[in-house]
Amino acid sequence: MSIASYLLSKSNVRELDKLIAKTPILKHPRKLLVQGLIDYEFPVHIFMELTSACNYLCLMCPRTKPGTLVGHMEIDVIKKIVDEASKYGGKSFSLHGFGEPFMAKNFDFAVKYIKEKHPQNNILLTSNGSRITDDKAKKIVEAGVDNIYISFTSPDRETAIKKVGVDQLEISEKNINNLIRIKKELNSKTPKIY
């Protein structure tokens, strides 16, 4: 394991990057400093698309093109990726791609396994918010999901329907408000919601 790999496994890369960016003397050579932290043995950030299924039909999404296959990542594949990554310290996992992560059949398992396998693992989700039921919200808060980004194409209902092909804006807003409520009830600082 290189020194950079070791330091990455012991530090929060985002916090270190913020500190470097705020420090005037380091601001300009920041790119070189950050590149020096790249772990060439194993990626620091891993994208795991747990499913390519989605309940939206977004105009800009390549998933909606004819011939696109829909599938779900199996538990053995999730375990293999997470087990291999855990040999190199804490990693950051993005559990999304073109699919809606809350539609993945093994979503609950993946979140729990990633967090159990290495305590410094960071989980990031991007969701349209329409599938975050109260049960799912409670599970992601209890499992320690770190960040969730909610993707809204427009705050205007009619515009949103035109862009995503479904009328889910009010459902997504309700689900996000419920996630915030559950997070408060469980006295949790995570996930951070963006």
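The values are calculated or read from the model by the stated rules, or taken from the named source; none is laboratory data. All figures in this text were calculated on a predicted structure; none of them were measured in a lab. Neighbour counts are summed over all protein chains in view; Cβ atoms, including those assigned to glycine, are modelled from backbone coordinates with ideal geometry. We work out accessible area using only protein heavy atoms, side chains counted, and drop any ligands, DNA or RNA first. Shrake-Rupley method; radii C 1.70, N 1.55, O 1.52, S 1.80 Å.
Things worth noting here:
- Subset of the stretch 131-162 (residues that are surrounded by 17 or more Cβ atoms within 10 Å (Cβ to Cβ), closer than 24 Å to Tyr113 by Cα and touching a Phe, Trp or Tyr at 6+ places or on another chain (Cβ under 8 Å)): Arg131, Ile132, Lys136, Asn147, Ile148, Ile150
- Index of the failed condition, Lys18 passing every other in (1) of a type in the set (Lys, Arg); (2) surrounded by 13 or more Cβ atoms within 10 Å (Cβ to Cβ); (3) at pLDDT 70 or above: (2)
- Exactly one residue out of Leu32, Leu26 is part of a helix (DSSP H, G or I), in contact with a helix residue (DSSP H, G or I) (Cβ under 8 Å, 6 or more places away or on another chain) and either at pLDDT below 80 or among the polar types (S, T, N, Q) (or both), and it is Leu26.
- Residue selected from the stretch 39-98 under the condition more than 19 Å from the chain's Cα centre (by Cα) and of a type in the set (A, V, I, L, M), by the criterion nearest to Phe109 (Cα to Cα): Val70
- Set Lys115, Lys138, Lys184: member being more than 17 Å from the chain's Cα centre (by Cα), in a helix (DSSP H, G or I) and not β-branched (Val, Ile, Thr): Lys184
- Search result, residues across the stretch 141-181 that are assigned to a loop (DSSP other than H, G, I, E, B) and aliphatic (A, V, I, L, M): Val145, Val166
- Unmet criterion (only one of (1) surrounded by fewer than 16 Cβ atoms within 10 Å (Cβ to Cβ); (2) touching a helix residue (DSSP H, G or I) at 6+ places or on another chain (Cβ under 6 Å); (3) at pLDDT below 95) for Leu186: (3)
- Applying the set (1) closer than 22 Å to Ile180 by Cβ; (2) at pLDDT below 90 to Cys61 leaves exactly one unmet item: (1).
- Qualifying residues in the stretch 39-84 (those that are touching a helix residue (DSSP H, G or I) at 6+ places or on another chain (Cβ under 8 Å) and not in a loop (DSSP other than H, G, I, E, B)) - the one most open to solvent (accessible area, probe 1.4 Å): Lys79
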